[in-house]
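Remarks on the structure that follows.
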Amino acid sequence: MEIYSSEEQQEEAIKRFLKENGTSLVIGAVIGLGGIWGWNYYQKLELVTMGQHSIEFSKLSKSSDVISDGEKYVAGHGDSQYSQLTQLLMVKSLVQSKEYDKATAILKQVIASDVESAVISVAKTRLARIELATGNYDNALSTLNSLEDNAFGALKNELLGDVHIANGDDAKARSAYQAAVEAAGERVSNDLRMKLDDLAPAV
């Protein structure tokens with residue numbers, strides 16, 4: 001069962017967000033410190049730091065041992081938002097090796113962390129996929145129902161439909177898939193349309 005293919009675009013969007021907006025997250029604190037010289041120095045330092053994290057993260061994403069290297073990165077860079085992205089990479093590797101308990105524990109850490117809401121939303125969808133794959137349907141429904149980011153509406157409802165199908169509730173699955181189609185709009189996938197069509201009432 002493929003866990004991640006439908007979330008690759010969200011992951012890329014998060015990476016772009018961090019690259020483009022990382023420094024703006026601390027503007028308020030910097031202004032409080034005062035001084036044009038202080039701001040210019042801090043801005044340059046922050047840009048260099050973010051660039052270093054970006055380079056390290058890029059290397060890590062190509063590592064042959066993502067788990068070991070990822071643990072070292074997270075231990076040394078817990079204050080960086082790339083830490084949570086590293087954890088998502090680790091989860092992907094753990095799922096591929098069917099180490100679902102470890103993957104679940106890491107995702108719960110990400111969800112409980114102080115990180116951008118989009119990263120938390122990705123973590124919740126991935127946690128729900130693991131819960132679905134391991135037959136924990138009630139947990140999957142609870143995880144998905146806690147996802148409030150409208151940008152993830154289509155994915156959330158499609159996953160809800162998948163859970164309802166697995167749980168034998170075709171009526172709720174049909175409603176969820178229909179909601180997913182409406183949320184996706186023009187970007188609705190063929191797979192999602194097929195799921196909804198398969199549940200069309202007999203005539």
Lys102 fails exactly one of (1) part of a loop (DSSP other than H, G, I, E, B); (2) in contact with a Leu (Cβ under 8 Å, 6 or more places away or on another chain); (3) of a type in the set (Lys, Arg), namely (1)
(1) touching a helix residue (DSSP H, G or I) at 6+ places or on another chain (Cβ under 9 Å); (2) at pLDDT below 85; (3) aromatic (Phe, Trp, Tyr) all hold for Tyr100 apart from (2)
Of Lys108, Lys92, the only residue that is surrounded by fewer than 15 Cβ atoms within 10 Å (Cβ to Cβ), in a helix (DSSP H, G or I) and in contact (Cβ under 8 Å) with a residue 12 or more places away in the chain is Lys108
ask   = Out of curiosity, is Gly168 touching a residue at least 24 places away in the same chain (Cβ under 8 Å) and small (Gly, Ala, Ser)?
value = no
Checked the stretch 48-82 for anything surrounded by fewer than 13 Cβ atoms within 10 Å (Cβ to Cβ), more than 20 Å from the chain's Cα centre (by Cα) and at pLDDT below 70; matches are Val48, Gly51, Ile55
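A quick yes/no check of all residues on (1) closer than 28 Å to Lys62 by Cβ; (2) among the basic types (Lys, Arg); (3) touching a Phe, Trp or Tyr at 6+ places or on another chain (Cβ under 9 Å):
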| residue | (1), (2), (3) |
| --- | --- |
| Lys98 | yes, yes, no |
| Ile106 | yes, no, no |
| Glu116 | yes, no, yes |
| Leu127 | yes, no, no |
| Leu141 | no, no, no |
| Asn167 | no, no, yes |
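The values are calculated or read from the model by the stated rules, or taken from the named source; none is laboratory data. In this text, all values refer to a predicted model and were calculated from it rather than measured experimentally. Methodologically, a virtual Cβ is constructed for each residue, glycine included, from the backbone with ideal geometry; neighbour enumeration extends over all protein chains shown.
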